[in-house]
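Report on the structure given below.
The values are calculated or read from the model by the stated rules, or taken from the named source; none is laboratory data. Here the structure is a predicted model, which is why all the values come from computation and not from measurement. Here the Cβ is made from the backbone with ideal geometry for all residues, glycine too, and neighbour counts use every protein chain on show.
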Amino acid sequence: MAKPTAAVLIYNPVAGKIRTRPWLIPKLQQTLGRHLSEIELLPTTGPKTAGSIARHAVEHGAQLVCVAGGDGTVNETAAGVAGTGVPLLVLPAGTANVLGMETGLGGDALKVAERFGELVEQDVVLGSLEAHGEAPRLFAAMAGVGLDARIVRLVSPEVKRRFGKLSYWQGGFAQVGKPLAEFEIRLDGGPVRQASYALIARVKNYGGDLEIARHANLLSDDFAVVLFEGPGSLRYLKYFSGVLLNKLAGMSGVTLARAKRLEVEPLPGATIDVQVDGEHAGYAPLRAEIAPVRLRLMLPPRFVAKAAGQLKGQTASPASR
């Protein structure tokens, strides 16, 4: 397949690595220019603008959309490009860089640009989530219901800018000893389960450092779901050790599953937060499902081959639902 030649580079001017390295965007443009005849720079103008900028660029003939920013900007841009067949190149420049770490692109935008010539196009499915009172939104990496979404809401943008990932660790430890709100969740129309945190993932990687949903595969057509039970926050110390030691499977209070559709209802009196790719996305009740549109990503061929091999093995021996 012939690679595109004309591109736009959408970037978030206040993303951590862009704000502190004013030379980064011009350098990315120069590096990508070795492969592309035309690269138009398009800065975002605020939250929730990257998607409309991407759609407008595609409608006006962009053959490739590049995005430099954090997970929120990447997700907004992905939603704008989804279903068009125009490939998306992720240039990680944020706090966690989940898609970059998941796919082997890494967390260095300039190094990704230098590898452009070796990348291949690959279609992947997206998640779609509709929280109470909110418009449906697409997501590329993950959604969280309960504990982690509560932390995302409570961490202020200023603290996040100053301390990066550390701000989320601080927010997490601040919840220790506090009761957690619980909710009911149903997977693919099956029996109702109860949990205080649910991870609905398209990727193994979480926050750039951990792998929680190790049964996730970006090339699969479903979600990897991890449910954590119980209102007591202290039990999450046990769950966290299970994540670190890769011992969540079989751990009491933890459910690993796969699903294409989920419904969540809060228990009476409970307020249940929701996050999408690291951005607060409202409150339950909610519905999440695999979206009908696909996203075309530029990915390392080694990652695509490995994920395809794992998917073949997963199909031969499917995980329990």
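Residues considered: L248, L311, L262, L237. Of these, the only one that is part of a strand (DSSP E or B) and on the phi < 0 side of the Ramachandran plot is L262. A residue that is closer than 25 Å to A307 by Cα and out of contact with any Gly (no Cβ under 8 Å at 6 or more places or on another chain) cannot be found anywhere in the stretch 48-62. Consider the stretch 1-59 and keep the residues that are loosely packed, with under 13 Cβ neighbours inside 10 Å and of a type in the set (V, I, T). The one that is nearest to G107 (Cα to Cα) is T20. Looking across the stretch 111-128, the residues that are closer than 30 Å to Y283 by Cβ and out of contact with any Phe, Trp or Tyr (no Cβ under 6 Å at 6 or more places or on another chain) come down to V124, V125, L126, S128.
Quick one: which helices (runs of 4 or more DSSP H) sit completely within the stretch 61-117 and have at least 2 residues that are of a type in the set (G, A, S) and touching a strand residue (DSSP E or B) at 6+ places or on another chain (Cβ under 9 Å)? Filter on the stretch 61-117 gives 71-81, 109-114.
When the stretch 222-255 is filtered for residues that are buried (at least 16 other Cβ atoms within 10 Å of the Cβ) and touching an Asp or Glu at 6+ places or on another chain (Cβ under 7 Å), only G253 remains. Right, T271: in a loop (DSSP other than H, G, I, E, B) and either in contact (Cβ under 8 Å) with a residue 40 or more places away in the chain or not assigned by TED's automatic domain parsing to the domain that holds P191 (or both) or not? So T271 passes the test.
Among the residues here, L42 does not qualify as more than 13 Å from G80 (Cβ to Cβ), at pLDDT 90 or above and either in a loop (DSSP other than H, G, I, E, B) or touching a helix residue (DSSP H, G or I) at 6+ places or on another chain (Cβ under 7 Å) (or both).
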